[in-house]
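**Student:** The structure that follows is given in the form of structure tokens.
The values are calculated or read from the model by the stated rules, or taken from the named source; none is laboratory data. Note that the structure is a prediction, hence the values are computed from the model and not measured. In this analysis, Cβ positions are derived from the backbone assuming ideal geometry, glycine residues included, and neighbour counts consider all displayed protein chains. Just the protein is used for accessible areas: all its heavy atoms, side chains included, with ligands, DNA and RNA removed. Shrake-Rupley method; radii C 1.70, N 1.55, O 1.52, S 1.80 Å.
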Amino acid sequence: MEYKPLGKTGIMVSQLCFGTMSFGSRADKAQSQAMYNLCREKGVNFFDCANVYQKGLAEEYLGSFIAAERDKVVITTKAYGAMGDGVNDKGCSAKNLRNALHQSLKRLGTDYVDVFFLHHFDPTTSEEEVLRTLDSFVREGKVLSIGVSNYAAYQVERLLRVSELKNLVGVQCIQPMYNLAKRMAEVELFPMARAEGMGVITYSPLAGGLLTGRYVSPEGRKSGRLIENPKYKIRYEGAFYEQVGASFASYAAQLGMHPATLGISWILSNPAVTAPILGAADIDQLRPSLDALSHPLSKEVLQQLDIISPPLPPAHDRTEERS
């Protein structure tokens, strides 16, 4: 396992991060503990969580797992989504963020988190208000670093400019969706992050299972997140995604690689990414993703994957200038 600095924070993180969204849902506590243990055996020290994952149960699981080695691991959590029925139980207001952090720390059994993410952009709360709240968390020692997830590049840059003007803590890490089927982050988010020296941890590396080969057969298309979860169905619905999923699975078989291994290896090949966030429901699903560390991809393989899912034009749309 190699370790990289998380942007300019000075915190060293493993080149793979494990996402805990399955804790308490697809994985019970015993399965969750087994996956955590395997990650630690492989050298993973980076674990991503959020308060909305099973309404806090994932945080409780993770908190119990890290209790004996809190200083050895880097953990994140997020706030934005509704955790109650009250009108102020969601969003990025000072009221909700402060309550969310307090409850997360309690569930995680720790007095600080390494990275506190805003889970989504909140158009109802000003950048200065959000940053003043986050700045107070850092000054109080409850949060070490600030991150944002599901933000557009211009939204991140606005936060950075306000933080500079008002002398407030700035965004140090972003968490965008990124996989071979969803390459939008390459257009503006990644160049911005590299220019600003920000950490980048990407989620949904296997496109909700699209890139595992599961949905290629008629039998496989009868169940699963892409069939049963409305959000995932919308995200990956259509002929393009069907073609990408089928072609990717076929090419992985041609290479003699597990599709999950190939999908994670492809993300690891991007120098803009600090660490992809792995997801799994059990040990058997997790192992092929961890194996990606042993399978660096050649230039020829990367070129073939670009044929399966072509990169998007640059932000200025002058494709003739693409390097």
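**Student:** If you take just the helices (runs of 4 or more DSSP H) that sit entirely in the stretch 1-112, which of them hold at least 2 residues that are in contact (Cβ under 8 Å) with a residue 60 or more places away in the chain? Before the answer, list the steps.
**Tutor:** Values: elements: 29-41, 57-66, 94-108.
So the answer is 29-41.
**Student:** Run Arg161 past the list (1) of a type outside the set (S, T, N, Q); (2) in contact (Cβ under 8 Å) with a residue 24 or more places away in the chain; (3) open to solvent by 20 Å² or more (accessible area, probe 1.4 Å); (4) at negative phi and report the number of the one that doesn't hold.
**Tutor:** Arg161 satisfies every listed condition except (2).
**Student:** Sticking with this one: Go through the stretch 138-155 residue by residue and tally those that are within 30 Å of Thr319 (Cβ to Cβ) and touching a strand residue (DSSP E or B) at 6+ places or on another chain (Cβ under 6 Å). Don't jump to the end; show me each part of the working.
**Tutor:** Pass one, the stretch 138-155, residues within 30 Å of Thr319 (Cβ to Cβ): 148-155.
Within this subset, residues satisfying the condition of being touching a strand residue (DSSP E or B) at 6+ places or on another chain (Cβ under 6 Å) are 148-149.
Of the residues in the stretch 138-155, 2 are within 30 Å of Thr319 (Cβ to Cβ) and touching a strand residue (DSSP E or B) at 6+ places or on another chain (Cβ under 6 Å).
**Student:** Return yes when Gly256 is surrounded by fewer than 16 Cβ atoms within 10 Å (Cβ to Cβ) and at pLDDT below 95 and no when it is not.
**Tutor:** Working: surrounded by fewer than 16 Cβ atoms within 10 Å (Cβ to Cβ): yes; at pLDDT below 95: no.
When the stated conditions are applied, Gly256 does not pass them.
Residues checked against (1) within 20 Å of Ile264 (Cα to Cα); (2) touching an Asp or Glu at 6+ places or on another chain (Cβ under 9 Å); (3) among the hydrophobic types (A, V, I, L, M, F, W, C); (4) in a loop (DSSP other than H, G, I, E, B):
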site: Leu160; (1), (2), (3), (4): no, yes, yes, no
site: Ile174; (1), (2), (3), (4): yes, no, yes, no
site: Val200; (1), (2), (3), (4): yes, no, yes, no
site: Ile234; (1), (2), (3), (4): no, no, yes, no
site: Glu237; (1), (2), (3), (4): no, no, no, yes
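**Student:** Is it the case, given these coordinates, that Asp135 is open to solvent by less than 70 Å² (accessible area, probe 1.4 Å), of a type in the set (D, E, K, R), part of a helix (DSSP H, G or I) and farther than 30 Å from Ala315 by Cα?
**Tutor:** Details: open to solvent by less than 70 Å² (accessible area, probe 1.4 Å): yes; of a type in the set (D, E, K, R): yes; part of a helix (DSSP H, G or I): yes; farther than 30 Å from Ala315 by Cα: yes.
Spelling it out, Asp135 is indeed open to solvent by less than 70 Å² (accessible area, probe 1.4 Å), of a type in the set (D, E, K, R), part of a helix (DSSP H, G or I) and farther than 30 Å from Ala315 by Cα.
**Student:** I want to confirm something. Restricting to the stretch 113-132 and keeping residues that are open to solvent by 60 Å² or more (accessible area, probe 1.4 Å) and assigned to a loop (DSSP other than H, G, I, E, B), which single residue is farthest from Val52 (Cα to Cα)?
**Tutor:** Once the filter is applied, the top-ranked residue is Ser126.
**Student:** For the stretch 241-264, does any single residue satisfy the condition of being within 18 Å of Tyr178 (Cα to Cα) and assigned to a loop (DSSP other than H, G, I, E, B)?
**Tutor:** The answer is no, given that none of the residues of the stretch 241-264 is within 18 Å of Tyr178 (Cα to Cα) and assigned to a loop (DSSP other than H, G, I, E, B).
**Student:** OK, next. On the basis of being touching a Leu at 6+ places or on another chain (Cβ under 6 Å) and assigned to a loop (DSSP other than H, G, I, E, B), does Val216 make the cut?
**Tutor:** On the way: touching a Leu at 6+ places or on another chain (Cβ under 6 Å): no; assigned to a loop (DSSP other than H, G, I, E, B): yes.
Considered against the rule, which asks whether it is touching a Leu at 6+ places or on another chain (Cβ under 6 Å) and assigned to a loop (DSSP other than H, G, I, E, B), Val216 comes out as no.
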